1. Tell me, yes or no, whether region 212-226 has at least one residue that is more than 14 Å from the chain's Cα centre (by Cα), of a type in the set (Phe, Trp, Tyr) and open to solvent by 30 Å² or more (accessible area, probe 1.4 Å).
2. Return the residue satisfying two criteria in turn: it lies in region 102-118 and is surrounded by fewer than 15 Cβ atoms within 10 Å (Cβ to Cβ) and not charged (D, E, K, R), and of such residues it is modelled with the lowest pLDDT.
3. Identify, by number, the condition in (1) surrounded by 14 or more Cβ atoms within 10 Å (Cβ to Cβ); (2) more than 19 Å from Asn44 (Cα to Cα); (3) modelled with pLDDT of 90 or more that Leu178 doesn't meet.
4. So which of Leu151, Leu197 ends up being open to solvent by 60 Å² or more (accessible area, probe 1.4 Å) and under 27 Å from Ser59 (Cβ atoms)?
5. Suppose we keep only residues that are in contact with a Gly (Cβ under 6 Å, 6 or more places away or on another chain) and not β-branched (Val, Ile, Thr) within region 43-62. Which one would you say is most open to solvent (accessible area, probe 1.4 Å)?
6. Would you please name the residue that is farthest from Ala164 (Cα to Cα), looking only at residues in region 200-211 that are of a type outside the set (Asp, Glu) and open to solvent by 20 Å² or more (accessible area, probe 1.4 Å)?
7. Being of a type outside the set (Val, Ile, Thr) and more than 26 Å from Gly98 (Cβ to Cβ) is the filter; apply it to region 181-194 and report the residue that is surrounded by the most Cβ atoms within 10 Å (Cβ to Cβ).
8. When region 63-77 is examined, which residues are found to be open to solvent by 10 Å² or more (accessible area, probe 1.4 Å) and under 30 Å from Arg94 (Cα atoms)?
Amino acid sequence: MMKYLYSLALLGFSFAPWVHAEGELPNFELGLGGGIAKTEPAFNIDLTVNIPISKRWSSQINLDSDYIFNDTNYEDYSMSEFNAIGFYRHDNWRAGAGMGLLEKKSRDDSFPTERVGIARFLASYYWQDITLDWQYANYNDDFDRAVSMELGALWYLDDIRKVALYAEDQVRGTGWRLEAFIQPEKRRNQLAYGAILRNGKGDSYPYVGFEMRYYFDRTMPIKQRDRLYH
């Protein structure tokens, strides 16, 4: 994982000379979460670098790592995904595409490490306080917990709260995800935390968990942040 973190930071800093205005500087996000998938403890660490390029174009580099313990088939293992994505943004929508790498690794080498390339496609439409969101990734069938497609709606109740409902398609099942986040003003809108519920047919359902996200940038409402960088 450390080599991916190093690459992520290096790529983020390498883009810094391209941007010059205060509002266009790269910014970093760190997410930490944990919960129970079926009866198995699961944790995640997510690191994202958002790199605005111009008013319409932006890029994103992210590393998402999930850790699963006491799995009935694989014991303790991790799934890490490294992506580089480019976006075109309009006033009411955005579209993006990118490529990455997915790795499945055993903690005690009980099975060989597996890696597969990924192509990602994303699109969102904004209508007042509602965002319609779609994402697709061409995962290999062997990666049983990976979500290959999701379609959902996000509702921003106000400047600091949002709820979202997604339909998810995994390579070995389908389900839904409900999440709710709050980004308190007393933390200068740089800390968000919330709960995630998932259910359906598949190896990672049901799931109950919590997540915290910290944004290394300036004060910004949660809706503005999502639509500028996600």
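1. Yes, some residue in region 212-226 is more than 14 Å from the chain's Cα centre (by Cα), of a type in the set (Phe, Trp, Tyr) and open to solvent by 30 Å² or more (accessible area, probe 1.4 Å).
2. Taking the candidates together, the pick is Ser110.
3. Single failed check for Leu178: (2).
4. Every option except Leu151 fails the conditions.
5. So, considering only residues that are in contact with a Gly (Cβ under 6 Å, 6 or more places away or on another chain) and not β-branched (Val, Ile, Thr), the one most open to solvent (accessible area, probe 1.4 Å) is Phe43.
6. By that ranking, first place goes to Lys201.
7. Selected residue: Asn189.
8. Asp64, Asp66
The values are calculated or read from the model by the stated rules, or taken from the named source; none is laboratory data. In this text, all values refer to a predicted model and were calculated from it rather than measured experimentally. Neighbour counts are summed over all protein chains in view; Cβ atoms, including those assigned to glycine, are modelled from backbone coordinates with ideal geometry. Just so you know, the surface numbers come from the protein's heavy atoms only, side chains and all, with ligands and any DNA or RNA stripped out. Shrake-Rupley method; radii C 1.70, N 1.55, O 1.52, S 1.80 Å.
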